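Student: One structure follows; several queries about it will come next.
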Amino acid sequence: MVRRIVRARVADHPAADDLVQETLVRVLGAAERVEPGMLEPYAIVTARHVVASMWKEQDRQRRNQHRVADLRLPDAPDEDLLQGEDRAAVAQALKHLSERERRTLLAHELHGQDTRSLADELGSTAGAVAAQLNRTRARLRVEYLLALEHTEPFSDRCRPVLIALSSGDRRRQREVDAGRHLLECDLCARLSHPLLARGQSRDDELRIPIRADADVVLARQGVRELAARVGFSGTDLTVIATAVSEVSRNIVRFADAGEVVVELLKEPRPGVRIVARDTGPGIPDVERALTDGFSTYHGLGLGLPGARRLMDEFAVVSEVARGTTVTMTKWCQEG
Amino acid sequence: MATGPALVSILRQGPYLIASIHTALDDSQLIRFQKDLIDQIGRYRSRGVIIDVAALDVLDSFGSRTLRNIAEMARLRGALTVIVGIQPDVAFAMVSLGMGTGSVHAALDLEEGLEYLDSRLPAKDVGRAVSAPG
Amino acid sequence: MNQEHTLTDAVAADFPTLDRQDEHQLLPQLVAHLRQHRTKLRQEWATRIHDAHLLDAMTPQEMSTETTSVYDNYVEVLETGSVEALQHYARDLSERIIPRGVETHEVVGIVLLLRDVLARSLFEKYQRDFSLLNRVLDAYEPAANRIANTVAVSFVDERERVIRQQQDAIKELSTPVLPVRERLLILPIIGVLDSERAKQLTEQLLTGIRTHRAKVVVIDITGAPDVDETVANHLVQTVDASRLMGASVIITGLSPEIAQTLVTIGVDLSKMNTIGDLQGGLEEAERLLGYTVARRDGSGG
Ligand SMILES: [Zn+2]
């Protein structure tokens, strides 16, 4: 019975790359062989392994195969040690949830109670319960990762950022300026890998870290490929790639680290938005930097004004000693 | 260093050098290309240089500037430069960006580039080009 | 009681196969009726179209052909319940009549008229049995409305498609790149240039340069009434981009006003090859091409 559920889930939701869910699915798969009292420690070990595999960024297909085929108890030599460590991590993570959140999550994931009957019990609606479950899972992932790191966030901004990433809520990510925080905060940057690995199935967004010259080429090739999907003409694709080349070069020249995020837009019409952010020294006088002829490196100073001419919308926000964010948009021509 | 196919090739044809860029180059690769090309112009006392950029996906401010620099350095070494193979969309993006190749001459393709050099260089040089082994 | 019985018998005599319990049998009976009275009903419909001044753009002969087709398609939809064939026909018809200025309200109007003509005929047929009439109309009306809807939607779709097609064609026409002779293109700019059109024009010219291996391009702007700064900028960019493709540009038809605009935005006119009129421009182009050929012949010989 349990095995059937596992198979059904794996088959029906190949993209259900939910860390907690995957863990619990494995627990379900092994439930017949595990003593009831052992469930929690087993879940802990499994979660650890799932996280480890995500850190290694194994491709999803292999993970899926693994999920279906290999439901054995992991038999790592240092299992006892890990078990103790992870038990503590999960216990600590669960502490951050309210009793009600915890009960609801376990009822849903472990006992398979559906959202409708949960909603009846809780005096809520199925939709609200599902949304609450998503938020709970998002927080649990974050707390679990923090506990594994044996650390508390460095700043007040970390938790909101991590939870926004964990839940895949893009609007929230913008509100808390998650992209910038990841550039500034090593802890969150590290933790964002397993969190974002879940979201890799998003095919309308592309994130390219910019550190060296070669990344500039990757960025412009990446944007060209992605933007081609919304119907830009060949000329527009080259125009966009050229603008991306300019802004990513600025990152390499002025900042140690940065990234280019490309996002396809649908409303009000098809388009592409590019955000280039860095943790460089910042631009003291943005107005001047947007003037032709202004040059701070051995070049023609055409980076920003040139890119602005190529795009439909262009905005620069810069803070000295903190970094620069360039946001630019190109819309598809109609017809 | 590179083990894959060459990113660029520089071939000697009589008094000319024909430099072809085979793939998108990043800034450091462009700088290296510039250095190699200028070195060879000096070594072979070339009279004309054709740079084939048909494979470039983008000619942004740095790329355009590098081509200009090469042409200027080549001129100081006595060689005339012509850029060939700029794609229509690349040309469009270059001028939208506010870049051009300045006074550097551009031609449609290799054939046109050779014709341009032949027409601009003294007949004895061109004669050498024609009689040189292809 | 007796009389009612007689009425029912009379209807039953009209439709011997009619099973009054079976609603599914109603539509086939309607179809049979409409086929039987096809000529008369179609004629009545055509008269009402004429009276309503719909489709005035069509000749009586065309009217006759089209109304027959619409009628038959209409009945076929009632019979099969599938609007697919009607959809095709409606698109086809729309394609034929749209260029003649037929409006949406006319097309919807004639279909509604047909619906009414047929409904009236059904009313006459079944008025003796009111409950049967009701059921007949219940079966007929949804189908008839669906037909009206299908025709209207097909027409509107087709019209939008035609409009789009025409717009594309106009775009194409308005920026023709004309190969005059080997290696020479003329680009006459006619009409108002906005940013979008200017961009399109440049793209077309650049592609044209490659396709025709052009070495000289004559851009004639005699036909462009307004050249503001934006357009002037595009013009300069077009000249530069053409150079990057290895083609020289000659601009003809430059009015003093446009020349002034170019100077205002900082264009060095001495670096642009401008010639007063198209004829002069073409002569200059040939000189440029001839010059090139002469040099090559001279050096190669
Ligand atoms: Zn943080």
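The values are calculated or read from the model by the stated rules, or taken from the named source; none is laboratory data. Keep in mind that what you see is a predicted model, and the values were worked out from it rather than measured. Here the Cβ is made from the backbone with ideal geometry for all residues, glycine too, and neighbour counts use every protein chain on show.
This table checks each residue for (1) closer than 23 Å to A:Gln221 by Cα; (2) modelled with pLDDT under 95; (3) touching a strand residue (DSSP E or B) at 6+ places or on another chain (Cβ under 7 Å).
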position	(1), (2), (3)
B:Pro5	yes, yes, no
B:Asp26	yes, yes, no
B:Ser61	yes, yes, no
B:Asn69	no, yes, no
B:Leu80	no, no, yes
B:Val104	no, yes, yes
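Student: Name the single residue that is modelled with the lowest pLDDT among those in the range C:167-181 being of a type in the set (D, E, K, R) and in a helix (DSSP H, G or I).
Tutor: Of everything passing the filter in the range C:167-181, C:Glu172 is modelled with the lowest pLDDT.
Student: In the range A:126-142, is there at least one residue being under 20 Å from the mean Cα position of the chain (by Cα), within 12 Å of the ligand (Cβ to nearest atom), away from chain B (no Cβ under 14 Å) and not in a loop (DSSP other than H, G, I, E, B)?
Tutor: Looking for residues that are under 20 Å from the mean Cα position of the chain (by Cα), within 12 Å of the ligand (Cβ to nearest atom), away from chain B (no Cβ under 14 Å) and not in a loop (DSSP other than H, G, I, E, B), one finds at least one in the range A:126-142, hence yes.
Student: Limited to the range C:228-243, what total is found for residues that are hydrophobic (A, V, I, L, M, F, W, C) and out of contact with any strand residue (DSSP E or B) (no Cβ under 9 Å at 6 or more places or on another chain)?
Tutor: Looking only at that region, the number is 4.
Student: Within the range C:112-165, work out how many residues are loosely packed, with under 12 Cβ neighbours inside 10 Å, of a type in the set (S, T, N, Q) and under 20 Å from the mean Cα position of the chain (by Cα).
Tutor: Of the residues in that region, 1 qualify.
Student: Check A:Ile210 against each of (1) farther than 22 Å from A:Ala88 by Cα; (2) within 16 Å of the ligand (Cβ to nearest atom); (3) touching a residue at least 60 places away in the same chain (Cβ under 8 Å) and name the one condition it does not meet.
Tutor: Answer for A:Ile210: the failing condition is (2).
Student: Which residues, counting only those in the range B:113-134, are facing chain C (nearest Cβ under 7 Å), modelled with pLDDT of 90 or more and over 26 Å from C:Asp268 (Cβ atoms)?
Tutor: B:Glu115, B:Asp118 - these are the residues of the range B:113-134 that are facing chain C (nearest Cβ under 7 Å), modelled with pLDDT of 90 or more and over 26 Å from C:Asp268 (Cβ atoms).
Student: May I pose another question? Restricting attention to the range A:301-308, does a residue exist that is in contact with a helix residue (DSSP H, G or I) (Cβ under 7 Å, 6 or more places away or on another chain), crowded, with 21+ Cβ neighbours inside 10 Å, at pLDDT below 85 and not assigned by TED's automatic domain parsing to the domain that holds A:Ala178?
Tutor: Scanning the range A:301-308, I find at least one residue that is in contact with a helix residue (DSSP H, G or I) (Cβ under 7 Å, 6 or more places away or on another chain), crowded, with 21+ Cβ neighbours inside 10 Å, at pLDDT below 85 and not assigned by TED's automatic domain parsing to the domain that holds A:Ala178, so the answer is yes.
Student: Another question about this same structure. Using beta carbons and a limit of 7 Å, which pairs, at least six apart or on different chains, have the first residue in the range A:155-184 and farther than 14 Å from A:Arg141 by Cβ and the second one among the charged types (D, E, K, R) and within 15 Å of the ligand (Cβ to nearest atom)?
Tutor: That search, which allows pairs on different chains as well, returns A:Val176/A:Arg157; A:His181/A:Arg157.
Student: Also: In the range B:66-86, which residues are touching a residue at least 24 places away in the same chain (Cβ under 8 Å) and surrounded by fewer than 23 Cβ atoms within 10 Å (Cβ to Cβ)?
Tutor: Passing the criteria: B:Thr66, B:Arg68, B:Asn69, B:Ala71, B:Met73, B:Arg77, B:Gly78, B:Leu80.
Student: Also, quick follow-up: Which of the helices (runs of 4 or more DSSP H) found entirely inside the range A:150-196 contain at least 1 residues meeting this: near the ligand (Cβ under 8 Å from one of its atoms)?
Tutor: Helices (runs of 4 or more DSSP H) meeting the threshold: A:158-167, A:178-184.
Student: So, in the range B:56-82, of the ones that are in contact with a Ser or Thr (Cβ under 6 Å, 6 or more places away or on another chain) and not in a helix (DSSP H, G or I), which residue ends up nearest to A:Asn250 (Cα to Cα)?
Tutor: Ranking the qualifying residues of the range B:56-82, first place goes to B:Asp60.
Student: Let me ask something else about it. Looking only at the range C:77-111, how many residues end up being surrounded by 16 or more Cβ atoms within 10 Å (Cβ to Cβ) and without any contact (Cβ under 8 Å) to a residue 12 or more places away in the chain?
Tutor: Qualifying residue count, the range C:77-111: 0.
Student: Please give the number of the condition C:Lys215 fails out of (1) without any contact (Cβ under 8 Å) to a residue 60 or more places away in the chain; (2) of a type outside the set (A, V, I, L, M); (3) under 30 Å from C:Glu257 (Cα atoms).
Tutor: Condition (1) is where C:Lys215 drops out.
Student: In the list B:Ile50, B:Ile31, B:Ile18, which residue meets the criterion of being away from every other protein chain (no Cβ under 14 Å) and either touching a Cys at 6+ places or on another chain (Cβ under 6 Å) or not basic (Lys, Arg) (or both)?
Tutor: After applying the criteria, what remains is B:Ile18.
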